[in-house]
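Student: The structure is given below, and queries will be raised subsequently.
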Amino acid sequence: MEKKILIVSASLRGRSNSELLAEEILAGAREAGKEAELLSLKEKDLRFCIGCLACQKTGKCVLRDDMGKMLDRVREADVLVLVTPIYYYGLPGQLKTFLDRCNPLYGGENRFRDVYLVTVAADDAESAPHRAEESLGGWIECFPQARLAGSLFCGGVNGPGEILARPEYPARARALGASL
């Protein structure tokens, strides 16, 4: 059975570096004949989790926003690829909110096994993505079937489109997509 790949782009900035990488991952996956889809958090109505835990009983969130449709896509994916900028050496709020809102999946039947993290930061120090990886690791631990299967860090880029001046990064992203 062909794996279903969901690529989540967490950047809210148009033509951002992480969005460009997400598109490269998608292109690489499709070129390799894989079923892949890109989900952007940009322009989504995504509210904060209110911690009511009703979803633990019903499997659905009480909030009525775009997360309901996105949740189905996460549930049905075999592979999740989270592509995100680094904000203050951690996950940006919009990605953390997205992960928090995946709470209805906790304890349920989910297909995802492999989770990948692709990060972009102005800082090019090797340690720049570590806090983001640790935060995602906490989320993954709540899903015993899942594991962090890999990561790609692209440092030293900041302004929109700067990543295009570093062709090795889009090439690595495309190769990652092909390998999924």
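Student: Explain nothing, just the number: relative contact order of the range 4-179, from Cα pairs under 8 Å at least 6 residues apart, as a whole percent. Please list the in-between numbers first.
Tutor: Values: 342 pairs, mean separation 54.9, N = 176.
This gives 31 percent for the range 4-179.
Student: Remind me, relative contact order of the range 18-87 in percent, using alpha carbon pairs under 8 angstrom and six or more residues apart?
Tutor: RCO, the range 18-87: 35 percent.
Student: From the phi angles alone, apply the Karplus equation (6.51, -1.76, 1.60; θ = phi - 60°) to the range 167-179 and give each ³J(HN,Hα) in whole Hz, x where the residue is Gly or Pro.
Tutor: Once θ is set to phi - 60°, the couplings for the range 167-179 become x, 5, 6, x, 5, 5, 5, 5, 5, 4, x, 5, 8 Hz.
Student: Next up: Where the centroid of each part is defined by its Cα atoms, how far is the range 71-107 from the range 129-154 in Å?
Tutor: Here the two parts' Cα centres lie 10 Å apart.
Student: So what is the diffusion coefficient of the chain in µm² per second by Stokes-Einstein at 37 °C and 0.692 mPa s, using a Kirkwood Rh over Cα pairs?
Tutor: 200 µm²/s
Student: Are there any GluC sites (Glu not before Pro) in the range 12-105 that are in a DSSP loop and have at most 15 other Cβ atoms within 10 Å? List them by number.
Tutor: Counting only loop positions with at most 15 other Cβ atoms within 10 Å, the GluC sites (Glu not before Pro) in the range 12-105 are 43.
Only the coordinates and a few stated rules stand behind these numbers; no lab work does. From a predicted model like this one, the values you see are computed outputs, not experimental measurements. Neighbour counts are summed over all protein chains in view; Cβ atoms, including those assigned to glycine, are modelled from backbone coordinates with ideal geometry.
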